[in-house]
Number of protein chains: 2
Amino acid sequence: MNKIYVVGIGPGAYEQMTIQAVKVLESCDVIVGYTVYVDLVKEHFADKEFLTTPMKQEVKRCELAFEEAKKGQIVAMICSGDAGVYGMAGLIYEVGEAYPEVEVEIIPGITAALSGASVLGAPLIHDFAVISLSDLLTPWEKIEARVRSAAEADFSICLYNPSSKKRADYLMKACDYMLEYKSPETICGIVRNIGREGEESEVLTLQQLRDTTVDMFTTVFIGNSQTKVVAGKIVTPRGYTVE
Amino acid sequence: MNKIYVVGIGPGAYEQMTIQAVKVLESCDVIVGYTVYVDLVKEHFADKEFLTTPMKQEVKRCELAFEEAKKGQIVAMICSGDAGVYGMAGLIYEVGEAYPEVEVEIIPGITAALSGASVLGAPLIHDFAVISLSDLLTPWEKIEARVRSAAEADFSICLYNPSSKKRADYLMKACDYMLEYKSPETICGIVRNIGREGEESEVLTLQQLRDTTVDMFTTVFIGNSQTKVVAGKIVTPRGYTVE
């Protein structure tokens, strides 16, 4: 059998993997991934062969996985969070066009929107938009248009990749777009190192979020017009009628 | 200890639960939920006490959970998919204001956007919006505005609750809004009974989706302008630059 599983390992804690993900990692021969994610799972699957590539080597990482699968190895390509949300599930199919003999299966995982929301309370209970602020592969104009549209239509919003050294002011810019449509008092939350050592979270207003510096390990949540704080937790009501 | 865990059990298959969710259900005294979801987990946790309420009895279900927790029982309130996406995580905090002695913890799970995407390929790899077409608690004008905004800003879109007996034409209406901004050739997918017996999926165009009838057990995916079909799977590229 020539097979690659693309496995979402969740936020980082072993216990936040699905049973299915654990079984796949137990049954495979080779685990391929970005160095940081491989280090997160290594101790639990010590008898496996591990292959890593650094950031920005994603195509090479996929090719590595297919070359192993071609040899008859059962390969698990791991992604943090969910394989299908800013993960490797798409690229593996694209690279896989050159390897028609290899079967691909996607194993979903808990993405940061869900794990981060569970730390803060229930910010994404109703309609929401997920947007990455990284303009590495997406023009900033497209990101800006999406942030504006999502704010105007009163979505709750979850922002991935809110910051990096080169993009220190991107979150501030995104907040400024949102402030054109959302109240400065809109309830927001940030979670850092979700499910990992040093997890921390904070509830704040959109105006305060604008003036807050976050790092690349942070996921940002912006409520909709109905979002409120209940006992220190962020709660977006399910609907617009009081039940 | 007075404690309620709100647990997302994923799409339905036991293996798609997280290890954390399984441990919580194993360690609790009482499992509370909507009848259908309780039936999905019952066989795996046979020694627990089960309490169920039918649909539209969500507030009562929460009160039931708090009354049990108040007595000192460890309670798990289960939701299908993720507890924080159209789930019970929000309402439990609201009802919990009357029970300050009870601690609440949210255990995230695989929501249908993620599990359905993994069946279809990788439709949600890049920015996406999640919208429910149910107007039970949300005015249709708000839903319409969100569908239009998400389409105009070229989000991939995942639709929950696309249909019901009373709302047979809602998906068609939503497609008509999207067709104002998205090409009729936009790649779409539908998945029915995700992770359960009778799972089935189909890849189709937005124009074809418009004229397709789906039921309430179906989750619908609409690609962005870059979404394509690779080896029968839906793939949204990670970015807008060819790598």
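The values are calculated or read from the model by the stated rules, or taken from the named source; none is laboratory data. Note that this is a predicted model, so its numbers are computed, not measured. Here the Cβ positions follow ideal geometry from the backbone for every residue, glycine too, while neighbour counts run over all protein chains shown. We work out accessible area using only protein heavy atoms, side chains counted, and drop any ligands, DNA or RNA first. Shrake-Rupley method; radii C 1.70, N 1.55, O 1.52, S 1.80 Å.
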*Would you point out which residue out of A:Leu120, A:Leu136 is open to solvent by 10 Å² or more (accessible area, probe 1.4 Å) and within 11 Å of chain B (Cβ to nearest Cβ)?*
A:Leu136
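Could you run through the range A:1-17 and say how many residues are within 23 Å of the chain's Cα centre (by Cα) and more than 25 Å from A:Met216 (Cα to Cα)?
Total satisfying the criteria: 2.
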*Starting from residues that are more than 10 Å from every other protein chain (Cβ to nearest Cβ), outside any strand (DSSP E or B) and touching a strand residue (DSSP E or B) at 6+ places or on another chain (Cβ under 6 Å), keep the ones in the range A:68-91 and report whichever is most open to solvent (accessible area, probe 1.4 Å).*
A:Gln73
*Going by the structure shown, is A:Val36 open to solvent by 50 Å² or more (accessible area, probe 1.4 Å), out of contact with any His (no Cβ under 6 Å at 6 or more places or on another chain) and among the aliphatic types (A, V, I, L, M)?*
yes
*Just need a number here: residues in the range A:179-207 that are under 12 Å from A:Leu120 (Cβ atoms) and polar (S, T, N, Q).*
1
*Answer yes if at least one residue in the range A:97-108 is crowded, with 21+ Cβ neighbours inside 10 Å, more than 26 Å from A:Arg196 (Cβ to Cβ), assigned by TED's automatic domain parsing to the domain that holds A:Gly12 and not basic (Lys, Arg), and no otherwise.*
yes
*What number of residues within the range B:196-236 satisfy the criterion of being within 13 Å of chain A (Cβ to nearest Cβ), more than 17 Å from B:Ala151 (Cα to Cα) and open to solvent by 20 Å² or more (accessible area, probe 1.4 Å)?*
6
*What number of residues within the range B:46-67 are crowded, with 19+ Cβ neighbours inside 10 Å and either aromatic (Phe, Trp, Tyr) or in contact (Cβ under 8 Å) with a residue 40 or more places away in the chain (or both)?*
2
*Positions within the range A:139-164 being of a type in the set (Gly, Ala, Ser), within 14 Å of chain B (Cβ to nearest Cβ) and in contact with a helix residue (DSSP H, G or I) (Cβ under 6 Å, 6 or more places away or on another chain), in sequence order*: A:Ser149, A:Ala151, A:Ala153
*Among the residues of the range A:1-18, which ones are within 11 Å of another protein chain (Cβ to nearest Cβ) and open to solvent by 40 Å² or more (accessible area, probe 1.4 Å)?*
A:Tyr14, A:Glu15
*Of all residues in the range B:145-164, which are open to solvent by less than 50 Å² (accessible area, probe 1.4 Å), over 15 Å from the mean Cα position of the chain (by Cα) and within 17 Å of A:Ala150 (Cα to Cα)?*
B:Ala145, B:Arg146, B:Val147, B:Ser149, B:Ala150, B:Ala151, B:Ala153, B:Asp154, B:Phe155, B:Ser156
*Going through the range B:19-33 one residue at a time, which ones are more than 14 Å from chain A (Cβ to nearest Cβ) and crowded, with 21+ Cβ neighbours inside 10 Å?*
B:Cys28, B:Ile31, B:Val32, B:Gly33
*asked:* Could you go through the range A:94-112 and let me know if any residue there is within 11 Å of another protein chain (Cβ to nearest Cβ), small (Gly, Ala, Ser) and touching a helix residue (DSSP H, G or I) at 6+ places or on another chain (Cβ under 7 Å).
replied: yes
*Does A:Val220 qualify as being part of a loop (DSSP other than H, G, I, E, B), within 19 Å of the chain's Cα centre (by Cα) and closer than 19 Å to B:Asp127 by Cβ?*
no
_Odd one out for A:Asp29 among (1) touching a residue at least 24 places away in the same chain (Cβ under 8 Å); (2) within 20 Å of the chain's Cα centre (by Cα)_ = (2)
*Return yes when A:Arg167 is more than 9 Å from chain B (Cβ to nearest Cβ) and modelled with pLDDT under 95 and no when it is not.*
yes
*asked:* Consider the range A:92-108. How many of its residues are within 18 Å of B:Val119 (Cβ to Cβ) and either in a helix (DSSP H, G or I) or at pLDDT below 95 (or both)?
replied: 3
